[in-house]
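Colleague: Structure incoming, see below.
The values are calculated or read from the model by the stated rules, or taken from the named source; none is laboratory data. Predicted, not measured: the structure shown is a model, and the values here were computed from it. FYI the Cβ positions are ideal-geometry reconstructions off the backbone, even for glycines, and counts take in every protein chain you see.
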Amino acid sequence: MDQLKVYAGKIREWMNAHRQELVDFTMEMMRIESTTYHEGEAVAWLKAKMEEFGFDEVRVDSAGNLIGRAGSGPCIVLADAHIDTVEPGDPKDWGFDPLDPRIIDGHIWGRGIVDDKGCLAALVFAGRALKQLALDHAATLWVSSSIAEEDVEGSCVRAMMEEFSDIQPHMILVAEASGNRIIRGHKGRALISMEVTGKAAHASAAWRGENALIKSLPLMQAVDDLKDLPEDPVLGKGTIEVTNVDCDTPSLNTIPGKVTITADRRISCGESREALIDELKPFLDGCGAKAWIDVEQITTYTGKTIEQEDFFPSWILPEDHPVIQSACSGYQAVRGESPSVGTWDFCTNACYLCGITGIPSVGFGPGDEGLCHSTEERLSIQELTDAASVYASVVLSYALQGKDA
């Protein structure tokens, strides 16, 4: 721990000296629009910056994910933050152009600062600090700038991990806003489609058909009433919500002959695909419906097509797990206090990186999660600077823990 404190002190001093550069870097990245499936310009810019900063190796996979290596130590850490953002929104609602960030009362305001470019900038500067302070011998840090997280989280990091199978991390750090808490898990997610069939007919002679929309109402109500779902003692209960109804009808004066209902199912306790469908069977049978888990096909900005089943399990690590404890030690070495440890309410790339691969993972990021996707998106410069120091310190903490073991 004494050695970690020494390292953390050096990192904090370096980060404070480069504070303005970190701010300028972050705001420059925010000015490059990178909505999902349009990340190419931002990826090219960041690739050049990583090379300028002396990263040992920089790669872009066929899907368009960017990943850079700082260091060559025996302990391998992969840290992921996504570079895509949701749409910027109307400048009138912000009071300024959200792609031209502002500094107001010590906070950076603009689209992407919380979700997720602030975290990504902090990771890049963490890697840069490890290089410039000659601390990169202790660990290998891969900084991943992933794409398309906002649409189908887990899909593009899966493509990256499969293509770059030579990268075998011992630990994964997922950089998303956490209110500066150490995150040890979150629920998984599935998208479930339910199809109800009837018989189309002209609305003026509806008696000739069977209205699939009306027929589907009891099913939607049953799904909405379904509350007794499996419960994890930490993550809480699973949930299911109807999020979309698609009527297959050729006109607005035709009663639909088929309706497809989409439900968002949050997975708490690692249920199987089959279990998610089985729990709906009593309601499905009541109206002769069928259900399945969606498979999405996306095309990234490079033109690569990725097919992804919309099923991602939950993940949770015990609080005394070495990865969680090393993250807590790294945080404490920088900030001089013990962090809060908790879980996320939303899904991240960790649903694949940990939930499917099984690689022990931890989440951490500056900023209030509640500001994501809003016109109030802002992050304090102090939090940004501290987060960059924490990221570098967590990497070294885990490396030292492995050495001591």
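Colleague: Would the stretch 187-199 turn up any residue that is touching a Leu at 6+ places or on another chain (Cβ under 9 Å) and under 24 Å from Tyr331 (Cβ atoms)?
Modeller: Looking through the stretch 187-199, at least one residue is touching a Leu at 6+ places or on another chain (Cβ under 9 Å) and under 24 Å from Tyr331 (Cβ atoms).
Colleague: Just give me the residues in the stretch 261-273 being assigned to a strand (DSSP E or B), touching an Asp or Glu at 6+ places or on another chain (Cβ under 7 Å) and crowded, with 17+ Cβ neighbours inside 10 Å, in sequence order. Walk me through it before giving the result.
Modeller: Within the stretch 261-273, the first condition is being assigned to a strand (DSSP E or B), and the residues that meet it are 261-267.
Imposing the further condition that a residue be touching an Asp or Glu at 6+ places or on another chain (Cβ under 7 Å) reduces the set to 263-264.
Result: Ala263, single match.
Colleague: Quick check on my filter: what residues within the stretch 134-149 are farther than 18 Å from Asn349 by Cα, part of a loop (DSSP other than H, G, I, E, B) and among the hydrophobic types (A, V, I, L, M, F, W, C)? First the steps, then the outcome.
Modeller: Of all residues in the stretch 134-149, those farther than 18 Å from Asn349 by Cα come to 134-140.
Applying the additional criterion that residues be part of a loop (DSSP other than H, G, I, E, B) yields 134-138.
Once the filter is applied, which keeps residues that are farther than 18 Å from Asn349 by Cα, part of a loop (DSSP other than H, G, I, E, B) and among the hydrophobic types (A, V, I, L, M, F, W, C), the stretch 134-149 yields Ala134, Leu135, Ala138.
Colleague: Within the stretch 295-306, is there a residue that is within 30 Å of Pro233 (Cα to Cα), in contact (Cβ under 8 Å) with a residue 60 or more places away in the chain and surrounded by 13 or more Cβ atoms within 10 Å (Cβ to Cβ)?
Modeller: The answer is no; no qualifying residue exists.
Colleague: Next question, about the same structure. Looking at Gly118, Gly54, Gly68, which is the one that is under 20 Å from the mean Cα position of the chain (by Cα), outside any helix (DSSP H, G or I) and either outside the structural domain of Ala17 (by TED's automatic domain parsing) or of a type outside the set (A, V, I, L, M, F, W, C) (or both)?
Modeller: Being under 20 Å from the mean Cα position of the chain (by Cα), outside any helix (DSSP H, G or I) and either outside the structural domain of Ala17 (by TED's automatic domain parsing) or of a type outside the set (A, V, I, L, M, F, W, C) (or both) holds for just one of Gly118, Gly54, Gly68, which is Gly68.
Colleague: Ok, one more. Please enumerate the residues belonging to the stretch 17-57 that are within 22 Å of Leu135 (Cβ to Cβ), surrounded by 15 or more Cβ atoms within 10 Å (Cβ to Cβ) and out of contact with any Leu (no Cβ under 8 Å at 6 or more places or on another chain).
Modeller: His18, Arg19, Phe25, Lys49, Phe53, Phe55, Asp56
Colleague: Can you tell which of Gly365, Gly355, Gly402, Gly342 is small (Gly, Ala, Ser), modelled with pLDDT under 95 and within 21 Å of the chain's Cα centre (by Cα)? Break it down into steps so the answer makes sense when it comes.
Modeller: Details: Gly365 fails: modelled with pLDDT under 95; Gly402 fails: within 21 Å of the chain's Cα centre (by Cα); Gly342 fails: modelled with pLDDT under 95.
Just a single option satisfies the conditions, and that option is Gly355.
Colleague: Does Cys247 fit the bill of being touching a residue at least 24 places away in the same chain (Cβ under 8 Å), assigned to a loop (DSSP other than H, G, I, E, B) and surrounded by 15 or more Cβ atoms within 10 Å (Cβ to Cβ)?
Modeller: Details: touching a residue at least 24 places away in the same chain (Cβ under 8 Å): yes; assigned to a loop (DSSP other than H, G, I, E, B): no; surrounded by 15 or more Cβ atoms within 10 Å (Cβ to Cβ): yes.
When the stated conditions are applied, Cys247 does not pass them.
Colleague: Checking Met194 against (1) under 27 Å from Pro313 (Cβ atoms); (2) in the same structural domain as Pro322 (by TED's automatic domain parsing); (3) of a type in the set (A, V, I, L, M), only one condition comes out false. Which one?
Modeller: In the conditions (1) under 27 Å from Pro313 (Cβ atoms); (2) in the same structural domain as Pro322 (by TED's automatic domain parsing); (3) of a type in the set (A, V, I, L, M), Met194 misses (2) alone.
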